[in-house]
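Rule-based calculations on the coordinates, nothing more; no lab input. Computed from a predicted structure; not experimentally measured. As a convention, Cβ positions derive from the backbone with ideal geometry for all residues, glycine included, and neighbour counts pool all protein chains shown.
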Amino acid sequence: MGMITRVRGRLRSLHTLPKLDPQERDEKIAETVCLLSVLFLLPYCSRGHSPLILSLGGWCLASYSFLVLPVLISANYKYPMRWLRQLGNKIVDLFMKYYGPVCYILYKIYEPLDKCEKVFMKMSNISNLITQLIFFMMCDRVLLCDFGGTNCPQKKITGLYSLMFYNVIAYCTSYIKELVEKEDWSVTVRMTQHSNIKHVAMSATKIVLEWTKAVTFIITVTFMLLVFGLEQGLEHYQPTALYTFVTWTYYMCTEKVFVELFLPLLLSLKLKSLEALEPLYAPVLLRYYTIGLAVIIVTLLSFHGQLRFTALSFHLTVFLRTKDLVMNYLKKLKAEQALLGQFRYATDEEIRDCDDVCAVCLSAMERARVTPCQHMFHAVCLRQCLNNSSMCPICKRQYTFVH
């Protein structure tokens, strides 16, 4: 009986212990995540000429990277270490304090190159094609060659053939997409956009153009099937399954036709955590994937001793795409997230008390944002209201935030 009484006393004492502060709890979780990240990244840093998982084979490397790296990135993004961020800010401040003039001189030297890079990125079609070609050449040397770049006769031809095949598939996809989205199937041509008068004399020209497109599409598909059917006749075209998977996913994430199809796919998932920011998240997610894939391939390429090509590949496939991501896409997403971040999430009790209905769209709410005047809206509805005014749509009060 005495032992039972002591056990009951211990259990009661557990309920009287003070709960951890949410910030302290998140900090402890962040430290655990950091230690686990170091542990899972150790196979990449083994001794010798190549990492441990690289010596086990390409499939082992791909499987380990695709399983581990996304988990580590998402975990560290959700639970960042505050002291590490503060340390980084202090290091940057000290660096700018003592080396600020040097950085200014280096920036002035880099400024002409920066202008050239911006012009190159504005020519989206050319820059995209060159980046794809460089990435495919990297995959030729990393995924198809032996270590050191020897015994690889197909490295100069596989990337070019693969890029040609993928362009054919992209053309077929764009043509099918155009046929599906086509609304006017009549053979006559309207005089103006808002007029019902049709020009009969142009009908023959339109018929010829449509049939030309159809014949081109049929010839392209036939050529693609013949090439794939005669693959054994192409002496040096021998892509592996891993090579095809890596290059095809990279091509899909960078080609305009497939990038446009990714947004409807993301919208169909209806992820609540995105809070109707799918148009901003879609290009960011695609670029995160392509940059991460390029970082892995460039890292492996550096072990093959091709330093010049590695530097060129890093600049085009990693540096420029990261620069494009930060300047054009991530900045907009961070601005929208910061705007919504001023409004806290509503609890389940608050949503139930509000009858689960948004006051703007009159639809049910599962997640909501709360304004300083204690009104709740969907995140997308709140964003639409903020685009028009900085006042609450219900009580017409100006939003004031206490920091």
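Structural remarks
- Using the Karplus relation 6.51 cos²θ - 1.76 cosθ + 1.60 with θ = phi - 60°, the per-residue 3J(HN,Hα) values for the range 272-284 come to 5, 5, 7, 6, 6, 9, 4, x, 8, 6, 4, x, 5 Hz, with x marking Gly and Pro.
- Derived scalar couplings between HN and Hα for the range 115-132 equal 5, 5, 5, 5, 5, 5, 6, 5, 7, 4, 5, 5, 5, 5, 5, 5, 5, 4 Hz in order, rounded to whole Hz, by the Karplus curve 6.51 cos²θ - 1.76 cosθ + 1.60 (θ = phi - 60°), x for Gly and Pro.
- Listed by Cβ neighbour count within 10 Å, with the fewest neighbours leading, ILE130, ILE296, ILE105 appear as ILE105, ILE130, ILE296.
- Rounded to the nearest Hz, the phi-derived 3J(HN,Hα) couplings of the range 371-388 under the Karplus curve 6.51 cos²θ - 1.76 cosθ + 1.60 (θ = phi - 60°) are 7, x, 8, 6, 10, 10, 9, 4, 4, 5, 5, 5, 4, 5, 5, 5, 5, 9, where x marks glycine and proline.
- Burial ordering of TYR64, TYR110, fewest other beta-carbon atoms within 10 Å first: TYR110, TYR64
- Net charge contributed by nearby residues that have their C-beta within less than 14 Å of PRO393 (K/R +1, D/E -1): +4
- Other residues with beta-carbon under 11 Å from the beta-carbon of THR371 carry, at +1 per Lys or Arg and -1 per Asp or Glu, a net charge of +3.
- Packing, taken as the mean count of other beta carbons within 10 Å per residue, orders the peptides 24-31, 272-279 from highest to lowest as 272-279, 24-31.
- For the pair LEU87 and SER273, the difference between a 0.36 nm per residue extended length and the Cα-Cα distance amounts to 64.0 nm.
- Take the Cα of GLU24, step 7 Å toward its Cβ, do the same at LEU312, and the gap between the two points is 5.7 nm.
- Ordering of 336-344, 254-262 by packing [mean C-beta count within 10 Å, highest first]: 254-262, 336-344
- Estimated FRET transfer efficiency (CYS395, PHE95; beta-carbon r; R0 51 Å; 0.05): 0.60
- Cα coordinate range in the range 86-128, projected on the principal axes (Å, largest first): 41, 24, 8
- Just so you know, the Rg over Rh for the range 345-388 is 0.93, from Cα atoms, with Rh as the Kirkwood radius.
- Of the peptides 281-287, 113-119, the ranking by mean beta-carbon count within 10 Å, highest at the top, reads 281-287, 113-119.
- Summing +1 for each Lys or Arg and -1 for each Asp or Glu among the other residues whose beta-carbon sits under 14 angstrom from that of LEU36 gives +1.
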